[in-house]
Every structure is written in structure tokens, then in C-alpha cells.
Amino acid sequence: AERITAANPDPVRLRLEKVYAGCVLVAKKHYCGLMHTAPDAPPALDVKGLEAVRRDGNLALQRLQEACMRMLFATRDLSAIKAYCQRQWTKLLAGHVSPTLLVVAKPVRGAYAQPPPGAVVAARRVRRGLAPPPLAGERVPFLIAAGPAPHLADRALAPDALDGHTLDYEYHI
């Protein structure tokens, strides 16, 4: 950075922001890598745009993806990552994962021709007098129950209404 700054006229200054020692580029603005910010500092996992840092996914998916990224950069062993994922999915499908880790929170926006699950849950809560109408862009948490209804919105539940329902684990994966 100092060498390039010296080669340019004032006021151009280059500052070293970060260097990746291994990275995965998924798409524009969607990547992760082991980030080095200083020669003597330990590397840190830097994630942008992927499910591990997005607010609209569930905690189980975020934790799974972060663990896989850490394993990838630590070992570079895809077989170990695959085995880890299979173990986690087996636990999930066997019902050994807390439903609280599967809660999804998506923003509600205005009127819909066919409302998404979060909007349906919010409308139900308003009708029952349990909550005021959500503000535009407010995130509404929900889960998807297993059942015959073809639309996800028809099977959407508020997290506190889970008693006695079986979850649709395929949706939450």
C-alpha cells in the first residue's frame, strides 16, 4: 500500500483493507474468505451476502453454513464437510433440533395478491388481537408446519403456536 501510494500524486492514498488467504466467490456481493487485516493479526472469517449473515434465514441454516465455511478453510476436506452436513440433516429430520432454530423472519410489505407466510401469520395475530399490524418492512417470524395444504402460507405458524404441529423440515432446510 505504501509503495503504490508513493507512486501516485497527492492526495491519492491507498490503504490496505484486507487480504484473503483462501476465499469462495459465489456471485457478485456473495462471498466468504479468511481475512487478514494485519500481518500479525490472526485471520478472521469474512462473509458477505451468504445465508450465514442474512437476516431472513433460520439459525440452523446459518450455523450449518458457517461451520462448513470454517471447516473448508481449516481443512479443505470436502468429504469431511459432506459427512458433517449429512449428520446435521439426519439430526434435523429425526426431530433432534429445536424448532426455535428453524424460525424464519421475513419482512412484510403492503398488500399482496397472494400473501407470503409472514404476512399470513401477522394477519392471523392481528385478527386474534395478539399483536398490532406490522409496519411496512417489519420482520415477522414464522415456521412452516407439515400438512396437505399446497401453499406454504396456509401452513405458516407463529413460533408460539407450534404446540402439537409437526414441522415441514424440507422447507426449513
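The values are calculated or read from the model by the stated rules, or taken from the named source; none is laboratory data. As the structure is a prediction and not an experimental result, all values here were calculated from the model. Cβ: placed from backbone, ideal geometry, glycine included. Neighbour counts: every protein chain shown. What goes into the accessible areas is simple: the full protein's heavy atoms, side chains included, and nothing from ligands, DNA or RNA. Shrake-Rupley method; radii C 1.70, N 1.55, O 1.52, S 1.80 Å.
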Worksheet, complete the sentence: Residue pairs within 8 Å by beta carbon, gap of at least six or interchain, first lying in the stretch 48-64 and free of Cβ contacts under 8 Å to residues at least 12 places away in the same chain, second open to solvent by less than 30 Å² (accessible area, probe 1.4 Å), listed first then second, are Val53/Val47; Gln62/Ala52
Discussion item. Anything in the stretch 25-56 that is within 30 Å of Gly137 (Cβ to Cβ) and β-branched (Val, Ile, Thr)? List them, or say none.
Written reply: Val26, Val47, Val53
Worksheet item: Can we say Gly129 is outside any helix (DSSP H, G or I), open to solvent by 50 Å² or more (accessible area, probe 1.4 Å) and small (Gly, Ala, Ser)?
Response: yes
Response to the item:
Of the residues in the stretch 128-149, those that are charged (D, E, K, R) and either at pLDDT below 90 or at positive phi (or both) number 2
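Mind listing whichever residues of the stretch 109-125 are exposed (fewer than 13 other Cβ atoms within 10 Å of the Cβ) and among the aliphatic types (A, V, I, L, M)? Walk me through how you get there before you give the answer.
Kept after step one, since they are exposed (fewer than 13 other Cβ atoms within 10 Å of the Cβ), are these residues of the stretch 109-125: 110-114.
Hits for the stretch 109-125 are Ala111, Ala113.
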Discussion item. I need a count of the residues in the stretch 132-150 that are loosely packed, with under 11 Cβ neighbours inside 10 Å and under 22 Å from Asn58 (Cα atoms).
Written reply: 4
Item to complete: Given the conditions (1) in contact with a strand residue (DSSP E or B) (Cβ under 9 Å, 6 or more places away or on another chain); (2) at pLDDT below 85; (3) open to solvent by 50 Å² or more (accessible area, probe 1.4 Å), report the number of the one that Lys106 does not fulfil.
Response: (2)
